[in-house]
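Since the structure comes first, as structure tokens, the remarks are kept for the end.
The values are calculated or read from the model by the stated rules, or taken from the named source; none is laboratory data. Quantities reported herein were computed from a predicted structural model and do not represent experimental measurements. For neighbour counting, all protein chains shown are included, and Cβ atoms are generated from backbone atoms with ideal geometry for every residue, glycine included. Side chains are part of the model used for accessible areas, which takes the heavy atoms of the whole protein and leaves out ligands, DNA and RNA. Shrake-Rupley method; radii C 1.70, N 1.55, O 1.52, S 1.80 Å.
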Amino acid sequence: MVNIVVVGAGVSGLTTALLLAREKKHTITVVAKFMPGDYDIEYTSPWAGANVLPMNSAAEQRWERRSWPELSRLAADVPEAGIHFQKCKIMRREADANKPDEKKGGYDPLFDANPWYTDMFPDHRFLRKEELPEGYVDGAQFTSVCINTALYLPWLVGQCRAAGVVVRRGVLKDIGEAKGLSAFGGEGAGKKVVVVNCTGLQACRLGGVMDQNVYPARGQTVVVRNEVEPMMAVSGTEDGEDELFYTMTRASGGGTIVGGTYQKGNWDPNPDPNVAMRILKRAVEMQPELAGGKGIAGLDIIRHGVGLRPARNGGVRIEREVIGDLTVVHNYGHGGWGYQGSYGCAERVVELVREVVAEWDGHEVSVDK
Ligand code: FAD
């Protein structure tokens with residue numbers, strides 16, 4: 001048995017702690033500066049929509065493919081998790097069909113002409129030409145899920161607690177400090193420690209990690225009381241390379257998230273009123289029924305939001321590293337897909353922790369990469 005300290009209580013940290021706890025082999029402590037219930041620009045998870053619209057390439061599909069069964073099970077069987085099924089419709093604009101990669105936003109593989117995920121959604125079907133508005137080359141519809149993050153994150157904390165995980169506050173300047181933060185005693189208590197780094201965007205600032213490949217992809221949203229189905233996303237907008245259009249209605253009165261932006265390298269925590277106006281204008285143009293046909297005046301705004309997606313050059317980092325004398329397993333840099341890849345990524349961390357422990361015990365372990 002080892003003491004595991006998970007740094008971070010976003011969707012990555014909590015899901016990882018939960019899957020590690022289900023192993024029933026180790027003691028687990030989650031330490032974080034921000035927790036479910038907090039809203040801060042350093043804490044991305046509460047600001048997400050969040051829905052499942054695959055964003056990884058076919059080569060990296062593992063994360064989302066292996067998360068979908070659990071997220072859809074929660075939507076079907078566990079109402080208290082705050083996840084529900086929603087029809088969705090995605091469409092690719094003519095203007096985006098042949099864009100060079102560097103001009104594409106966070107969504108790219110979602111709009112592949114021949115995407116890897118068609119078999120993941122049982123009712124996936126491509127739209128017929130006559131179903132597409134002018135200016136769009138292709139599209140699809142299928143049933144996905146929308147996660148009410150305000151319900152789901154506390155639910156994850158509850159699941160962790162029920163599984164014996166201790167969740168506590170802590171602010172680390174350096175990853176090395178995690179070693180002494182287990183609620184079950186550190187190495188002094190005679191146990192080895194594994195630290196799991198789920199610090200999201202802050203991995204670029206955390207001592208001992210300082211990953212300069214991590215950068216923010218700023219997402220501005222408006223949350224409205226109005227509801228709409230299907231949820232929608234399109235490949236780009238007329239309003240600039242870094243502006244998006246999407247809608248999703250959260251379960252249980254969570255309102256509809258109207259987005260958005262994908263602004264690389266932008267750390268601004270404040271909603272920009274001009275951007276907000278464009279977000280709302282696009283929404284009522286694309287889905288007039290959202291506002292009962294009354295335009296922006298028909299929208300009932302709950303709040304404006306800004307979250308910073310933890311994007312990373314080179315993609316998500318899920319790997320082992322020995323820092324000084326500390327064994328760390330990293331799980332950060334999920335960009336705009338942290339929820340929809342959460343179980344697949346956490347599962348990989350469990351495999352890596354098994355590898356570490358087996359090596360310490362002098363055993364071989366075979367893992368499914
Ligand atoms: P975070 O949620 O940022 O959590 C990091 C944790 O680490 C926090 O608890 C923090 O306090 C802690 N921490 C960091 N540094 C320290 C330190 N030094 N000491 C102690 N604690 C520390 N994803 C989807 O799957 N679907 C979507 O539809 C979707 N929509 C999105 C829309 C928007 C507008 C945004 C902004 C994001 C969206 N995302 C979506 C992306 C998703 O929100 C992120 O990928 C995910 O939340 C990242 O979670 P995380 O746990 O890695 O990081």
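Computed values, structure above
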| item | result |
| --- | --- |
| Count of the range 219-267 residues which are farther than 19 Å from P54 by Cα and near the ligand (Cβ under 10 Å from one of its atoms) | 2 |
| Condition met for N114 (more than 10 Å from the ligand (Cβ to nearest atom) and buried (at least 18 other Cβ atoms within 10 Å of the Cβ)) | no |
| Any pair with Cβ under 8 angstrom, 6 or more apart, that starts in the range 194-219 at a residue that is farther than 17 Å from E321 by Cα and ends at one that is of a type in the set (V, I, T) and within 10 Å of the ligand (Cβ to nearest atom) | L201/T44; R218/T261; R218/V306; G219/T261; G219/V306 |
| Members of the range 122-167 found to be in contact (Cβ under 8 Å) with a residue 40 or more places away in the chain, over 24 Å from A50 (Cβ atoms) and surrounded by fewer than 18 Cβ atoms within 10 Å (Cβ to Cβ), listed by number | L132, P133, G135, V137, G164, V166 |
| Those residues of the range 117-153 which are touching a strand residue (DSSP E or B) at 6+ places or on another chain (Cβ under 9 Å) and of a type in the set (G, A, S), in sequence order | G135, G139, A140, S144 |
| Subset of the range 91-100 [of a type in the set (S, T, N, Q) and modelled with pLDDT of 90 or more] | none |
| Among residues of the range 245-273, those that are within 19 Å of A291 (Cβ to Cβ) and touching a strand residue (DSSP E or B) at 6+ places or on another chain (Cβ under 6 Å), counted | 12 |
| Restricting the range 299-327 to residues that are small (G, A, S) and open to solvent by less than 20 Å² (accessible area, probe 1.4 Å), the residue that is farthest from T16 (Cα to Cα) | G305 |
| The range 256-279 - residue that is of a type in the set (V, I, T) and farther than 15 Å from D242 by Cβ and, of those, nearest to the chain's Cα centre (by Cα) | I257 |
| Top-ranked residue of the range 38-58 - restricted to ones that are farther than 28 Å from P230 by Cα and in contact (Cβ under 8 Å) with a residue 24 or more places away in the chain, ranked as nearest to the chain's Cα centre (by Cα) | Y43 |
| The lone exception for K103 - which of (1) at pLDDT 95 or above; (2) in contact with an Asp or Glu (Cβ under 7 Å, 6 or more places away or on another chain) it fails | (1) |
| Elements of type strands (runs of 3 or more DSSP E) in the range 281-335, at least 2 residues being away from the ligand (no atom under 16 Å from the Cβ) | 317-323 |
